[in-house]
Every structure is written in structure tokens, then in C-alpha cells.
Amino acid sequence: MGQGLQSRLMGMLDVVYPDLDSGFLADQLIQAMGLTADTPAPPDHTNNWSESDTLLITYADSIQRSDEKPLVTLRRFLHEQFGGTLSAVHILPFFPYSSDDGFSVMDYLAVNESHGSWRDIEAIAREFRLMADLVINHMSARSRWFENFRKRVDPGKDYFYEAAPDTDTRLVVRPRTSPLLTPVQTEDGERYVWCTFSEDQVDLNFRNPKVLLEFVGIIRYYLERGVQWFRMDAVAFLWKEAGTSCIHLQQTHELIKILRVLIEHHTPDAVVITETNVPNRENLTYFGNANEAHVIYNFSLPPLLINTLVTGNCRHLKTWLMSMPPAQIGTTYLNFIASHDGIGMRPTDGLLTEDEKQTLISTMEHFGGKVSYRQTSGDGQQAYEINIALYDALKGTEDKGPDKWQLQRFICAHAIMLALEGIPAFYIHSMIGTENDYDRMEHTGRLRSINRAQWNIEDLEARLADPLSHHSKVCGELKRLIGIRRKQPAFHPNATQFTLHLGLQVFGFWRQSVRRDQSIFCIYNITDEVRQVALSDINLIGTDCWVDLVSGLKIDDLSGEITLKPYQSVWLSNRE
């Protein structure tokens, strides 16, 4: 098996580094990961997840207590509030950093002292499957590696990507409007470094295989401290090639394959997730042939689902859902509606018209949201993401504005997400119904901070304990729905899914368990008016007994109809 591992690595390395000795480099990578010649290969096409898996996304310091480290506070909060409900937690970058709320890493092997320690990380990993960010495209301009780059010494001398100041970068796809090339003074004079995101986030040079070896060592370090899921941040931009878009290049895909092979040989049930906030067809390529990412984010879901609920029309959501290929066994989708970033607009390319995009943006601005822009080819700019807390994004409709259905609309959105093919992921501020944080946005000067609130634990617990607060209602109902989901084989991330055709005001789809012994018809009123659905339109099997898992209502007359209140969710199952 060891020879098989080396051969697999050599085939991929030959694509990335055609001028190097791939056999020697493969041996270095195997050694760096702590593997041996006889390390067995993991079985192919294995699902390392089930219907009981639900992920929480949070910063290390989203919840704080004045007298203790945030990671200690977070572990206790997770245990007390979500033990037995959530199976996995994604702690956003918890390393020392210089900007971008953690995504400008100064030291990959250290925990930010203000957050806590590796011991605190390991404690959380013992209770939940832990997902960590591999911030692999770029590193802080204040890191030791970059200081060594300036001094022209190792390690770091050749670790960052350079380009001539007159390089033609017109085709380069970017998510920002800042300059791409940044001049820096080094011991060898002025150099220009490539900065996809900001001048403080300098892109790493994977043309140098030493950088790849460094990251393999970093990954091994994380694995040995309990990290099982790896979110490869901004990985689409990893390889640069003059005269190209510098996104999704073949070398990038091969590097992901290399890292996956090494990770799953070390820990067979580990999971690789690629973060590629791009149009849907481009995003799907990161599955490869079930040999790249185990899991990809469903980036089109947030804008399409929000658009559906504020317009009361599910046409685009249905069209998208019908176009989504079932994930192969051993791969699946990560479904989310909100995250630490904004609502991405690029994933709506080809799905919403330009007028519809602008109407959605205007509606979100009316609800208190802000808009971030990106540089397009030439000197143009285009809306990149909408920055808004999800609870406020769903406070009303496009034509009527804010209304009394905010809570119901918010719950409906998550009931849809929970039932879709894939693993559901909740941003912590969605789980507790956090609203727009204008003070934090004003304090940091960054639009994304509007959805990156920091709670005092005593204040939050008081609100969650108050049955009249929307925070308590949101958290209680979402936990209840997650609890229902966990028990349904038809909600396995790889269970069959078909879209139902119930008009434009009622959204629905059918899930069937892998063993075909459970069917669930998921039906949602996505409007602010009462709707009727004829049971004959759903094609329920007459010999089965049907029950709504959400309300407990049993269906006796299959020739009748069900009445849906505004934003009501129904999960009709043939078994309780």
C-alpha cells in the first residue's frame, strides 16, 4: 500500500512540479505527514457523516466572560446549550493574526493567547468533531515568514508569490478592490508581492515545494490536536499563472488532491472542505471525481433562499435545486444560510437576473444591510456580498417591508436548510437570533462586522432564559428541529432528493432514505398568506401512515388537503 501511496502522489506532483523529482518529493511528503511505506489506504467512497451531524460555525471569542479565556467560555456554552444537539463545531481562525478577524495568520502553530491555548482547543475536540481553517492561500505581512522574506533568509525567503510591477493582471479574478501587487522593501531591494485580499495578506508561493511541505507539517500538527475537518480557505486562488484568471487552475485542483490523500491516510475519517465562493458550476468542480473535497459549501443557497422568502416566489430556488447533481457517495454538500462572511452575490451568477440581484440588494439595504464590492476586469466594480445579520435579512418582504412574520420566516429558512441533501451548518448568531451590530461595525470600520457580534455570556444566557425573547424562541425551535432531523434516515446527507412542483408560493422536495424505508415530503409556505396544498399533488403512498414530524399531526384522509399558515414548515413522513 505504501508504494501505492507514493505512486498516487507522484502522478499528481508531476502535474504541479513537472521539472522536479516527484518520487523524492512524494517521499518527503509521506515523511512530513508521519506516514510509512505500509500505511493502509482508507476505503473509497465512505460517508464520514450521517443524519445526526449538524455543524456550528463560531469565532473563538463570539461569546465572552470577563474573567476567563473565550475558548473556555465557548466550550462551556457549547456543552450546556448544544450538547446532544450539535455534533461538530467550526472554530474560525484561532491563531495569532494581524487583520481580517483571524484570516491574516501570523503563526499557524500557535493559539491566540487572548483566546486560550491548544489545551482548550483539544478539550472542545473531545466533545465535538472539530473543524479548523487551513488559511492556505495567504499569510500575514507581519508573520515571521514574511519578515524572513524581507531579510531574504529561510524559512520564508521564497515563500511568497512575486510578480513584476508591469505584469498584465487584467484577467485576474479577485474578490476585492484593493491593489493586487504591493511593493515591499527587502534586503535585495524593492519587490512586488501578490495580495489577492489585502496588502496585509500576502499570497504564498506554492511553486516552491517547501511551502507545500510546510503545510503538510501544519496539517499533521492540527490532526494530532484533534482537528478532523479542514476548511481550506480561499483555496481557489492558490496557483497563479501569467495571462490567466489565476482561479481554479489545474495545479490548484492537484494540490487539493495531494493534501486530501495525505490527510485521509493519516486519519481515515477526516474531512476536507473547500471554501470556494464562486458561481455554482465552478464550485461543483471541487468535488473532482470524488477525490478532491469531501464536502463543498452550497454557496448559492443563502442568496437564493433569502430571495425566495422576501419575494414569496420559489422559482429560482426550484430551478437551482433541480440542477444540482446528487453528490457521489463519499462526498456531500455543506448547507448554510449565514456565516461570518456576507451573503455572496457571485454564486447567483446565471441564477438571478441583474435586475433581481439589484432588487435583492436594495431590499437588504432597506433592512439595514451594507454592500461590499469587488474589482472586475478593467476598472469596473460589482457587488460581491451583502453584509447583514440573517435575522434582520428576513424581517420582511421585498414589496411590503418589515412585518410581523420575521420569526416565522427565519425558522422556515432553517427548516428548509435542515431537510436538504447535505450537512446543515448554523452560524452561531443564527442559532441565537443576533441582530445587526452597528456599533461593532462602526468600531472596526469593516462592513462584515455587522454580523460578527460578541456577546457577554451573562447577557446572552439571560436572554435565552427569557421565554418571551426572540433569542429564546429562535434557539429553542432550532434545537427542536435539529433534534427531529437527527432521528430521520431520510435526512442522511446522501439520501435521495427530488424537487416537488407545487406552484411558486409553496416550495417542496422529497427525501428518501438510502435503504428506501423512509420517505419525507418537505413542504413550505414561503409567503405571508395562508396556502392550501392538495395531498393528491404530493402522491403519498396510500398504504402508509403519514405524520408531520414538525407538528405531530397525523394525516388520515389522503384525498384532502393541508392548510399552511404563513411560513409554516411540514415534514410528512411515513414513519415517526
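The values are calculated or read from the model by the stated rules, or taken from the named source; none is laboratory data. No experiment lies behind these values; they were computed from the predicted model shown. Every residue, glycine as well, gets a Cβ built from its backbone with ideal geometry; the counts of neighbours run over all protein chains shown. Only protein heavy atoms, including side chains, enter the accessible area calculation; ligands, DNA and RNA are left aside. Shrake-Rupley method; radii C 1.70, N 1.55, O 1.52, S 1.80 Å.
Within segment 518-566, count every residue that is within 24 Å of Phe410 (Cβ to Cβ) and among the basic types (Lys, Arg). So the count comes out to 2. Do we find that Glu385 is closer than 19 Å to Gly344 by Cα, open to solvent by less than 20 Å² (accessible area, probe 1.4 Å) and in contact with a Ser or Thr (Cβ under 6 Å, 6 or more places away or on another chain) in this structure? So Glu385 fits the description; yes. On inspection, Gly483 qualifies as assigned to a helix (DSSP H, G or I) and either of a type in the set (Gly, Ala, Ser) or over 25 Å from Gln568 (Cα atoms) (or both). Filtered by the rule that a residue be in contact with a helix residue (DSSP H, G or I) (Cβ under 6 Å, 6 or more places away or on another chain), in a strand (DSSP E or B) and not hydrophobic (A, V, I, L, M, F, W, C), segment 386-402 gives Asn387, Thr397. When every residue of segment 180-188 is checked against the conditions, at least one turns out to be surrounded by fewer than 15 Cβ atoms within 10 Å (Cβ to Cβ), touching a strand residue (DSSP E or B) at 6+ places or on another chain (Cβ under 6 Å) and either small (Gly, Ala, Ser) or closer than 22 Å to Met106 by Cβ (or both). Among the residues of segment 103-127, those that are farther than 15 Å from Asp61 by Cβ and without any contact (Cβ under 8 Å) to a residue 60 or more places away in the chain comprise Val105, Met106, Asp107, Ala110, Arg119, Ala123, Glu127.
Considering segment 219-246 alone, what residues qualify as being part of a helix (DSSP H, G or I) and under 21 Å from the mean Cα position of the chain (by Cα)? Before the answer, list the steps.
First, the residues of segment 219-246 that are part of a helix (DSSP H, G or I): 219-223, 235-237.
Scanning segment 219-246 gives Ile219, Tyr222, Leu223, Val235, Ala236, Phe237.
The single condition from (1) under 30 Å from Gly330 (Cα atoms); (2) outside any strand (DSSP E or B); (3) not β-branched (Val, Ile, Thr) that Pro424 fails is (2).
Scanning segment 389-435 for residues that are farther than 16 Å from Tyr567 by Cβ, in contact with a strand residue (DSSP E or B) (Cβ under 6 Å, 6 or more places away or on another chain) and not aliphatic (A, V, I, L, M) yields Glu421, Gly422, Pro424, Phe426, Tyr427.
The selection criterion, being hydrophobic (A, V, I, L, M, F, W, C) and touching a His at 6+ places or on another chain (Cβ under 8 Å), holds for Leu204. With respect to being within 25 Å of Thr331 (Cβ to Cβ), modelled with pLDDT of 95 or more and either assigned to a loop (DSSP other than H, G, I, E, B) or among the hydrophobic types (A, V, I, L, M, F, W, C) (or both), Phe498 fits the description.
Taken as a whole, the structure places Asn525 among residues that are over 20 Å from Gln64 (Cβ atoms) and either among the basic types (Lys, Arg) or surrounded by 17 or more Cβ atoms within 10 Å (Cβ to Cβ) (or both).
Out of Thr285, Thr252, report the one residue that is open to solvent by less than 10 Å² (accessible area, probe 1.4 Å) and either in a helix (DSSP H, G or I) or among the polar types (S, T, N, Q) (or both).
On the way: Thr285 fails: open to solvent by less than 10 Å² (accessible area, probe 1.4 Å).
Checking each option against the conditions leaves just Thr252.
The set of residues in segment 328-356 that are in a loop (DSSP other than H, G, I, E, B) and touching a strand residue (DSSP E or B) at 6+ places or on another chain (Cβ under 6 Å) comprises Phe336, Ala338, Ser339, Gly342, Met345.
Looking at Ile423, Ile416, Ile450, Ile432, which is the one that is over 30 Å from Glu51 (Cα atoms) and crowded, with 23+ Cβ neighbours inside 10 Å?
Working: Ile423 fails: over 30 Å from Glu51 (Cα atoms); Ile416 fails: over 30 Å from Glu51 (Cα atoms); Ile432 fails: over 30 Å from Glu51 (Cα atoms).
Of the residues listed, the single one that is over 30 Å from Glu51 (Cα atoms) and crowded, with 23+ Cβ neighbours inside 10 Å is Ile450.
Filtered by the rule that a residue be part of a helix (DSSP H, G or I), more than 18 Å from Phe215 (Cα to Cα) and open to solvent by 80 Å² or more (accessible area, probe 1.4 Å), segment 1-44 gives Gln3, Arg8.
Can you tell me which of Pro493, Pro467 is in a loop (DSSP other than H, G, I, E, B), in contact with a strand residue (DSSP E or B) (Cβ under 6 Å, 6 or more places away or on another chain) and of a type outside the set (D, E, K, R)? Spell out the reasoning first.
Values: Pro467 fails: in contact with a strand residue (DSSP E or B) (Cβ under 6 Å, 6 or more places away or on another chain).
The unique qualifying residue is Pro493.
When Thr331, Thr308 are checked against the criterion of being open to solvent by less than 10 Å² (accessible area, probe 1.4 Å), modelled with pLDDT of 95 or more, among the hydroxyl-bearing types (Ser, Thr, Tyr) and over 28 Å from Met441 (Cα atoms), Thr331 stands alone in meeting it.
This table checks each residue for (1) in contact with a helix residue (DSSP H, G or I) (Cβ under 8 Å, 6 or more places away or on another chain); (2) farther than 21 Å from Asn277 by Cβ.
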site	(1), (2)
Tyr384	yes, no
Lys404	no, yes
Asp437	yes, yes
Ile450	yes, no
Ala465	yes, yes
Ser469	yes, yes
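Is it the case that Gly226 is among the small types (Gly, Ala, Ser) and closer than 24 Å to Pro347 by Cα? In short, no. Annotation for segment 496-515: at least one member residue is farther than 26 Å from Arg315 by Cβ, open to solvent by less than 10 Å² (accessible area, probe 1.4 Å), without any contact (Cβ under 8 Å) to a residue 60 or more places away in the chain and not aliphatic (A, V, I, L, M).
Please pick out the residue among Val550, Val474 that is in a loop (DSSP other than H, G, I, E, B), in contact (Cβ under 8 Å) with a residue 60 or more places away in the chain, open to solvent by less than 40 Å² (accessible area, probe 1.4 Å) and of a type in the set (A, V, I, L, M). Spell out how you get there, then give the answer.
Values: Val474 fails: in a loop (DSSP other than H, G, I, E, B).
Among Val550, Val474, only Val550 is in a loop (DSSP other than H, G, I, E, B), in contact (Cβ under 8 Å) with a residue 60 or more places away in the chain, open to solvent by less than 40 Å² (accessible area, probe 1.4 Å) and of a type in the set (A, V, I, L, M).
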